[in-house]
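Input: a single structure, listed below in structure tokens.
The values are calculated or read from the model by the stated rules, or taken from the named source; none is laboratory data. None of these values were measured; they are calculated from a predicted model. As a convention, Cβ positions derive from the backbone with ideal geometry for all residues, glycine included, and neighbour counts pool all protein chains shown. In case anyone asks, the SASA skips ligands and DNA or RNA and just uses the protein heavy atoms, side chains included. Shrake-Rupley method; radii C 1.70, N 1.55, O 1.52, S 1.80 Å.
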Amino acid sequence: MKKTLALLTGGTTGEWVVSVKSAATIAQNLDADKFDVYKIMLTQQGWFYEPADSLKIEVDRNDFSLNIKGRKITFDGVFIAIHGSPGEDGKLQGYFDMIGLPYTTCNALTSAVTMNKGYTKSIVTGIENLHVAKSVQVFKNTGYSIEQIKKDLKLPYFVKPNNGGSSIGMSKVTHGADLQKAIDKAFKEDDQLLIEEFISGREFTVGVVRLDGKIKVLPVTEVETAKEFFDFEAKYTPGVATETTPAPIRAETKSRVAQIAEMVYLKLNCSGVVRIDFILTEDEGDFYFIEINTIPGQTATSFIPQQVAAAGMKLNDFYTKLVKETIG
């Protein structure tokens, strides 16, 4: 029996552009023999299915169904491909939990908590071999002391919106005098920020997924960028960053990374596919946790498709197993 899936894309943040590209890759690689897929666009204006041959059809949010030419379409599950809000922050997951519809991502609580970089770091602290950069969390409405931050942290710092994805609003601060400007910039994106000590080292990212009932850590990607750090431009402009999958790291490092990544996945109670960004210091020394993405990009050039290929899997099979694991 074919499953009927809703592939949910769009969103209400600047990341909707990437979501649309991710959904295109997913749609191309969902096995047409196994799934009937309806791509649904979520925007500020509403939730719509746009068939090629007719006008937009609005989703009935009472039970997340469609009415197409008098025929009611209900879904077996939802493949959420929305980066940022409301797909990655737990809002949609809460809605689907309430109407009893399974989905491909982490649950509402994990999604909400992991959107907050500060809270996430508190939870993963204590995992063996995992290091976390020293940081200060700042809230817009509760006041903060620039002098105290300078006392607590060593320069340079990274200033980042606590809930943002895709590195929008992020700055690297090398002179204390520039801290206020960086805070103001980040507050344009969010009302809470994370200011953390800069960790020098090589940047990596790794996908982790549960397939066939087992947690699988995908081959690691090393990210090298000519820019000061891996920001929105470096992520989405071809040629700005060099990505090497699998990363050239020693076998011992590889197994240590896999062990840590699996523990992060378990401790945060993840499901579906997530991506963990981290830094290795010095000569493949300490593993520093940067952040976790619970709905990582799936565009043709994104890390997860690269890592799936490096693991010797076809995207088609990967998505089939992902749906089976999360939706049944």
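Against the test of being modelled with pLDDT of 95 or more and either among the aromatic types (Phe, Trp, Tyr) or closer than 25 Å to Gly118 by Cα (or both), the options Ile249, Ile295, Ile290 yield a single qualifying residue, Ile295.
The residues of the stretch 10-52 that are hydrophobic (A, V, I, L, M, F, W, C) and part of a loop (DSSP other than H, G, I, E, B), listed by number, are Leu30, Ala32, Ala52. Among residues of the stretch 33-57 being exposed (fewer than 12 other Cβ atoms within 10 Å of the Cβ) and either charged (D, E, K, R) or closer than 20 Å to Pro102 by Cα (or both), the one that is modelled with the highest pLDDT is Asp33. Among the residues of the stretch 10-17, is any touching a residue at least 40 places away in the same chain (Cβ under 8 Å), surrounded by 13 or more Cβ atoms within 10 Å (Cβ to Cβ), acidic (Asp, Glu) and in contact with a Gly (Cβ under 8 Å, 6 or more places away or on another chain)? Yes, that holds for at least one residue.
In the stretch 106-118, of all residues being open to solvent by 10 Å² or more (accessible area, probe 1.4 Å) and hydrophobic (A, V, I, L, M, F, W, C), the one that is modelled with the lowest pLDDT corresponds to Met115. The residue of the stretch 227-246 that is most open to solvent (accessible area, probe 1.4 Å), among those that are at pLDDT 95 or above and assigned to a loop (DSSP other than H, G, I, E, B), is Pro246. Just for the stretch 167-206: of the residues that are acidic (Asp, Glu) and in a strand (DSSP E or B), which one is nearest to Ala258 (Cα to Cα)? For the stretch 167-206, the residue satisfying everything is Glu203.
Out of the residues in the stretch 249-280 that are part of a helix (DSSP H, G or I) and among the hydrophobic types (A, V, I, L, M, F, W, C), which is surrounded by the fewest Cβ atoms within 10 Å (Cβ to Cβ)? This residue is Ala251.
Being open to solvent by less than 10 Å² (accessible area, probe 1.4 Å) and assigned to a loop (DSSP other than H, G, I, E, B) is the filter here, so list the residues in the stretch 282-294 that pass it. Once the filter is applied, which keeps residues that are open to solvent by less than 10 Å² (accessible area, probe 1.4 Å) and assigned to a loop (DSSP other than H, G, I, E, B), the stretch 282-294 yields only Thr294.
For beta carbons closer than 9 Å, sequence separation of 6+ or different chains, a first residue in the stretch 209-226 that is part of a loop (DSSP other than H, G, I, E, B) and a second that is at pLDDT below 95, the qualifying pairs are Ala226/Ala234; Ala226/Val240; Ala226/Ala241; Ala226/Thr242. Taking the criterion of being open to solvent by 50 Å² or more (accessible area, probe 1.4 Å), modelled with pLDDT of 95 or more and assigned to a loop (DSSP other than H, G, I, E, B), would at least one residue in the stretch 91-105 satisfy it? Yes, the stretch 91-105 has at least one match.
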